Amino acid sequence: MKKVILTIMVAALAGFAVAQEKVTVGNKFFDNWYFGVNGAWEHQLGEKYMNSDGNGGVVGFELGKQATPALGVSFQTLTGINTTSSVNALDEIQFILNGKLNFTNLISGANERPRLFEIEGIAGLGGGREFFASRQCDDKNFFLYKGGLSFNFNLGKEKQWTFSMRPALVAKLGDGAPRNTSFELMAGLLYHFKNSNGKRYPTVMMAYSQAEVDRLNEEINDMRRRVNALEDDVRKKDNENKNLMTSLNECAEKAEKAEEKAVDSFIEPVVAFRKSVADVDMTQLSNIESIVAYMNKYPELKVELKGYASPEGNAKFNQKLSERRAFKVKEILVNRYGIEAERIDAKGMGVGENFSKPEMNRAVIVNFKK
């Protein structure tokens, strides 16, 4: 029994030395505390002690703190039921101080979150008192020590619960009469309180040497210099972008003025006709397509079609003929080239005097408007 406890203490010291290579984060005094309830069954090994029944139950509670992911301490108060030959309902009370060493975190290292399953070693020292009815014998004090393992199952989304199974050997001494060692199988349910950093368990980070800290600081300063240089480049690029946007806006204004000027200075297209007819010859379709191309390029433009006739014939006939010519060109623009009808205003002007020769006035003259 003593060898078991000595082994656990040596392992705890080794774990403490390893733990010093790391810094525990979120481990203020009120961090990483837990509270739990325990229940166990004890079976006395070897010859029974004179006041013992050999077997019995133990129940109680536990308050503890996890100092690091590997090291912890807890205080237990337990009450024995039928653990002695007493006729009382409760036979004894125990007060135990336990040291805990998490073998899983010691060997494999602590994760960011606790593992689902972990194994701890437990070594405890304490004492207690056995109670007897006055007709049996006087109450007796005792000293105890225990050693064993704890198989922990960490449960819950935040790992706030731990269910544990703890097999252990317990030895009691006192009143000049040695007790035999008992085997104890304890079950416990622990609740971990929330820490100041919002978590319910200790987290660790590596402890760096001063040389490593200096190197990291130099890297941070170098990154800051790079960031400052990049910010300067960004400011320069922003200024260049502003200048480019100003130039682009100026170019856009010039282009808009140039378009307006181009529209205003556009030569009025002319669609010519043969004498006394309103049908458009194939030779005139090129002129109509130039109208279509211009209207497609400038969709905001509208067009005015003015039909004319030469002076031959009477005025009434020439008026009708000029109207038919204008509406014929509109019909071609709409039906053949898909120009919106509302963009086209067609009307007959009668006899025209736009050109020096009378026969040249057999035409439709196109005017573009905004």
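The values are calculated or read from the model by the stated rules, or taken from the named source; none is laboratory data. Predicted model only: the values in this text are computed from it and were never measured. Ideal geometry is used to build each Cβ from the backbone, glycine not excepted, and the neighbour counts take in all protein chains shown. Surface areas here come from the heavy atoms of the whole protein model, side chains and all, with no ligands, DNA or RNA. Shrake-Rupley method; radii C 1.70, N 1.55, O 1.52, S 1.80 Å.
Of all the residues in region 314-349, those that are in contact with an Asp or Glu (Cβ under 9 Å, 6 or more places away or on another chain) and aromatic (Phe, Trp, Tyr) number 1. Does region 74-85 contain any residue that is within 17 Å of residue 201 (Cα to Cα) and either at pLDDT below 90 or touching a strand residue (DSSP E or B) at 6+ places or on another chain (Cβ under 9 Å) (or both)? Within region 74-85, one or more residues are within 17 Å of residue 201 (Cα to Cα) and either at pLDDT below 90 or touching a strand residue (DSSP E or B) at 6+ places or on another chain (Cβ under 9 Å) (or both). Count of region 82-112 residues, restricted to those that are in a strand (DSSP E or B) and among the acidic types (Asp, Glu), is 1. Can you name the condition, by its number, that residue 307 falls short on among (1) under 30 Å from residue 257 (Cβ atoms); (2) open to solvent by less than 50 Å² (accessible area, probe 1.4 Å); (3) in contact with a strand residue (DSSP E or B) (Cβ under 6 Å, 6 or more places away or on another chain)? Only one criterion in (1) under 30 Å from residue 257 (Cβ atoms); (2) open to solvent by less than 50 Å² (accessible area, probe 1.4 Å); (3) in contact with a strand residue (DSSP E or B) (Cβ under 6 Å, 6 or more places away or on another chain) is unmet by residue 307, namely (1). Within region 87-109, can one find any residue that is farther than 22 Å from residue 44 by Cα, of a type in the set (Val, Ile, Thr) and at pLDDT 85 or above? Looking for residues that are farther than 22 Å from residue 44 by Cα, of a type in the set (Val, Ile, Thr) and at pLDDT 85 or above, one finds at least one in region 87-109, hence yes. Among the residues making up region 327-357, those that are among the basic types (Lys, Arg) and under 60 Å from the mean Cα position of the chain (by Cα) are 336, 343. Count of region 56-81 residues, restricted to those that are farther than 20 Å from residue 182 by Cα, out of contact with any Leu (no Cβ under 9 Å at 6 or more places or on another chain) and in a strand (DSSP E or B), is 3.
Of all residue pairs spaced 6 or more apart or on separate chains, none has beta-carbon atoms under 7 Å together with a first member in region 30-45 that is without any contact (Cβ under 8 Å) to a residue 60 or more places away in the chain and closer than 30 Å to residue 84 by Cα and a second member that is assigned to a strand (DSSP E or B) and open to solvent by less than 30 Å² (accessible area, probe 1.4 Å).
Of the strands (runs of 3 or more DSSP E) lying entirely inside region 175-274, the ones with 1 or more residues being modelled with pLDDT under 90 and under 30 Å from residue 72 (Cα atoms) are found at 182-192, 203-206.
Give me a count of the residues in region 318-366 that are more than 23 Å from residue 276 (Cα to Cα) and either open to solvent by 30 Å² or more (accessible area, probe 1.4 Å) or modelled with pLDDT under 90 (or both).
Residues in region 318-366 being more than 23 Å from residue 276 (Cα to Cα) and either open to solvent by 30 Å² or more (accessible area, probe 1.4 Å) or modelled with pLDDT under 90 (or both): 8 in total.
Considering the conditions (1) within 30 Å of residue 256 (Cβ to Cβ); (2) in a strand (DSSP E or B); (3) open to solvent by 70 Å² or more (accessible area, probe 1.4 Å), residue 299 is excluded by exactly one of them, (2).
When restricted to residues that are more than 34 Å from the chain's Cα centre (by Cα) and either at pLDDT 95 or above or assigned to a strand (DSSP E or B) (or both), region 29-55 contains 11. The number of residues in region 132-157 that are open to solvent by less than 70 Å² (accessible area, probe 1.4 Å), outside any strand (DSSP E or B) and touching a residue at least 40 places away in the same chain (Cβ under 8 Å) comes to 3.
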